[in-house]
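The structure appears below as structure tokens.
The values are calculated or read from the model by the stated rules, or taken from the named source; none is laboratory data. All values derive from a computational prediction rather than experimental measurement. As a convention, Cβ positions derive from the backbone with ideal geometry for all residues, glycine included, and neighbour counts pool all protein chains shown.
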């Protein structure tokens, strides 16, 4: 009965093999670029609409359409990973991924605030354009670097 249990080195080797398979799968498979681009542009449209909105005008519609497209494209993104057998984690496991997600959340919150504040209070009419472009570029970069919310450990 005792012989059925693997030794510590065998267990470590098995865990390393599973980890390597997961990392290789993340490196080999990625959703199409057009989907990541749609997600990024619709996310930027939310920031742009928020920065341009005054009272009840048509820019609120841009926010609503951007949010709907972002939600649908995110669902498709999640589904494409799910059919490959990859689980996307909402809360990351590694400290590095948690830090990156926290910095991204703070950065996106600041972009949203400055998108509106700079245009309405300081009269910089181009601020929503810059903030929306920045949000789109950062979102696209995050979708490339952290496709499942976890960092990919590269072999040295």
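For region 21-49, how many residues are modelled with pLDDT of 85 or more and either surrounded by 16 or more Cβ atoms within 10 Å (Cβ to Cβ) or under 30 Å from residue 118 (Cβ atoms) (or both)?
The qualifying residues number 15.
Just one of 106, 122 is outside any helix (DSSP H, G or I) and farther than 22 Å from residue 31 by Cβ; which is it?
Answer to the selection: 122.
Restricting to region 50-75, count the residues that are under 17 Å from residue 148 (Cα atoms) and surrounded by 14 or more Cβ atoms within 10 Å (Cβ to Cβ).
Adding up the residues that qualify gives 3.
Condition first: within 16 Å of the chain's Cα centre (by Cα), touching a residue at least 12 places away in the same chain (Cβ under 8 Å) and either over 23 Å from residue 130 (Cβ atoms) or surrounded by fewer than 13 Cβ atoms within 10 Å (Cβ to Cβ) (or both). Can you find one or more residues in region 98-107 that meet it?
yes
In region 1-20, which residues are modelled with pLDDT under 75 and in a helix (DSSP H, G or I)?
2, 3, 4, 19
Among the listed residues 111, 124, 143, 80, which satisfies the condition of being modelled with pLDDT of 80 or more, surrounded by fewer than 18 Cβ atoms within 10 Å (Cβ to Cβ) and either more than 28 Å from residue 17 (Cβ to Cβ) or under 16 Å from the mean Cα position of the chain (by Cα) (or both)?
Only one candidate passes the filter, namely 80.
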